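The structure under discussion appears below in the form of structure tokens.
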Amino acid sequence: MHRKTILLLLGGIFIGLGAGVVLFYGLGLGSISTSISILENSEFLDLPEKGAPAPDFTLQDLQGRQLTLSDLRGSFVLVNFWATWCGPCRVEMPALQSRFERYSPDLRVVAVNFDEPQDTVQAFADELGLTFDILLDPGAKVQDLYRIRGYPTSIFVDREGIIQIVHIGLMTEKQLDAYLRELGVFE
């Protein structure tokens with residue numbers, strides 16, 4: 001490489017690192033205790049909690065059929081909030097599909113997409129071979145009802161419609177199996 005190219009490359013790296021430091025510390029993200037304190041007092045984190053009834057909703061699936069959450073009582077339900085542009089969502093989808101295939105009909109997987117066009121969602125589902133319920137959430141109304149702030153978010157609901165587990169972020173297969181065991185899907 002030429003010396004000028006190397007200097008430009010190093011300059012770009014230093015500028016990028018500097019911008020990252022400014023953003024990280026300038027936004028207050030560098031102080032974990034401050035961030036936690038702010039988050040603990042935030043009304044934005046009032047996700048549905050363990051022991052609370054799962055808020056009911058009705059949405060359409062990719063074939064235009066309506067699905068109402070309360071109609072699934074009697075089955076264990078994993079409600080997964082996701083988006084096609086979410087890398088961690090894509091990573092965990094095959095595990096959700098595998099557990100759905102293994103434990104259906106006792107386990108229903110209901111994947112609520114974040115306000116994306118039907119053709120985009122359908123292409124994603126086709127690419128990954130997803131056969132569980134994929135629902136469209138126009139205007140993200142159900143996302144708001146559940147106060148979803150990050151993707152993916154998975155909510156495990158027992159046979160009576162009560163939330164038992166809330167997991168925010170990528171779920172490993174080991175975590176998924178532990179949650180399903182805790183829920184009582186398998187012993």
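Restricting to the stretch 164-174, name every residue that is closer than 16 Å to Gln97 by Cβ and out of contact with any helix residue (DSSP H, G or I) (no Cβ under 7 Å at 6 or more places or on another chain). I'd like the intermediate steps shown before the answer.
First, the residues of the stretch 164-174 that are closer than 16 Å to Gln97 by Cβ: 170-173.
Across the stretch 164-174, the qualifying residue is only Thr172.
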Can you spot a residue in the stretch 123-144 that is surrounded by 16 or more Cβ atoms within 10 Å (Cβ to Cβ) and either among the basic types (Lys, Arg) or touching a Pro at 6+ places or on another chain (Cβ under 7 Å) (or both)?
-> no
Pairing a residue in the stretch 164-187 that is in a strand (DSSP E or B) with any residue that is among the aromatic types (Phe, Trp, Tyr), where Cβ atoms lie under 6 Å and the two sit 6 or more apart in sequence or on different chains, gives Gln164/Phe156; Ile165/Phe156; Ile165/Tyr179
Checked against (1) over 20 Å from Gly51 (Cβ atoms); (2) at pLDDT 95 or above, Glu160 satisfies every condition except (1)
Is it the case that Gln60 is over 24 Å from Ile168 (Cβ atoms) and over 12 Å from the mean Cα position of the chain (by Cα)?
-> yes
Exactly one of Leu47, Leu136, Leu128 is in contact with a Lys or Arg (Cβ under 9 Å, 6 or more places away or on another chain) and at pLDDT 95 or above, and that residue is Leu128
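The values are calculated or read from the model by the stated rules, or taken from the named source; none is laboratory data. Bear in mind the structure is a predicted one, so any value in this text is a computation, not a measurement. Neighbour counts run over all protein chains shown; Cβ positions are idealised from the backbone, glycine included.
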